[in-house]
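Visitor: Below are the structure tokens for one structure; questions will follow.
The values are calculated or read from the model by the stated rules, or taken from the named source; none is laboratory data. If you're wondering where the values come from, they're calculated on a predicted model, not measured in any experiment. Reconstructed Cβ throughout: ideal geometry from the backbone, glycine too, with neighbour counts over all protein chains shown.
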Amino acid sequence: MRPVAGILLAAGQGSRIGQPKALIDVGGEPLAARGVALLHDGGASPVVVVTGATAVELTGVITVHNPDWRTGMGSSLRAGLATVPEQCAAAVIALVDQPLVGPEAVRRLIAAYRAGASVAVAAYDGQPRNPVLLGREHWPEVMALATGDAGARTFLRARPELVTLVECGDTGRPDDIDTRADLDRVAGLLGTSHGVTSSGAGFPSDA
């Protein structure tokens, strides 16, 4: 049985929150480390971390720097997919700024893939969000369509007949952290503290 990789998109600058999101501390742990744990605990291996605005030092992962990170998430998705080892048959893509997503969502996507789905999307109360699983056979088309900040969204909308929605509303929440207010709310839901250092001034919306 060929492995399913994980890809954590962690390249953004976090301009609205004043710090690259990968480094934001929630409950004593950077968001990047939380995202890696999400994928590992959900059964994805190996895990590829795509960096950009800042370096991320984590053990037990494959790190790839996206020099084009300023162009948006699409280039990071392309970089991640291109880095996944050849033996992997599929990849689960997760976002660094969604720490309320639970590893059970990743497990369910992988289970759906093992049951025959080549594209699986986590849904919350029926609404498709993240993470997203993509079978390797679709990666060329995904990469061709991944431009700007669209990520996999353009592919998913173009090929709805391929998509298997996997309900994950009981496993966590897909809340994004874009602002300090978001961070306060998410940290409260996690029951943890957080830290941000100031550096100055349909389908998944982000994957």
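Visitor: Say we look at the stretch 120-159 and pick out the residues that are modelled with pLDDT under 95 and surrounded by fewer than 17 Cβ atoms within 10 Å (Cβ to Cβ); which of these is nearest to L81 (Cα to Cα)?
Guide: Applying the filter and picking the extreme gives T147.
Visitor: Cβ contacts < 9 Å: first residue acidic (D, E), restricted to the stretch 133-145; second residue surrounded by fewer than 19 Cβ atoms within 10 Å (Cβ to Cβ), any location; separation 6+ or different chain. Result?
Guide: Pairs found: E137/A89; E137/S118; E141/A158; E141/R159.
Table: residues versus (1) farther than 26 Å from L31 by Cα; (2) in a loop (DSSP other than H, G, I, E, B); (3) in contact with a strand residue (DSSP E or B) (Cβ under 6 Å, 6 or more places away or on another chain); (4) of a type in the set (F, W, Y).
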| position | (1), (2), (3), (4) |
| --- | --- |
| A122 | no, no, yes, no |
| P128 | no, no, yes, no |
| P140 | yes, no, no, no |
| G151 | no, yes, no, no |
| F155 | yes, no, no, yes |
| D170 | no, yes, no, no |
| R173 | no, yes, no, no |
| I177 | no, yes, no, no |
| R185 | no, no, no, no |
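Okay, residues lined up against (1) within 12 Å of the chain's Cα centre (by Cα); (2) under 23 Å from L183 (Cβ atoms):
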| position | (1), (2) |
| --- | --- |
| A11 | yes, yes |
| I17 | no, yes |
| G27 | no, yes |
| V49 | yes, yes |
| E57 | no, yes |
| I62 | no, no |
| W69 | no, yes |
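Visitor: For R107, work out the one condition from (1) in contact with a helix residue (DSSP H, G or I) (Cβ under 8 Å, 6 or more places away or on another chain); (2) among the basic types (K, R); (3) assigned to a helix (DSSP H, G or I) it doesn't fulfil.
Guide: R107 satisfies all of (1) in contact with a helix residue (DSSP H, G or I) (Cβ under 8 Å, 6 or more places away or on another chain); (2) among the basic types (K, R); (3) assigned to a helix (DSSP H, G or I) except (1).
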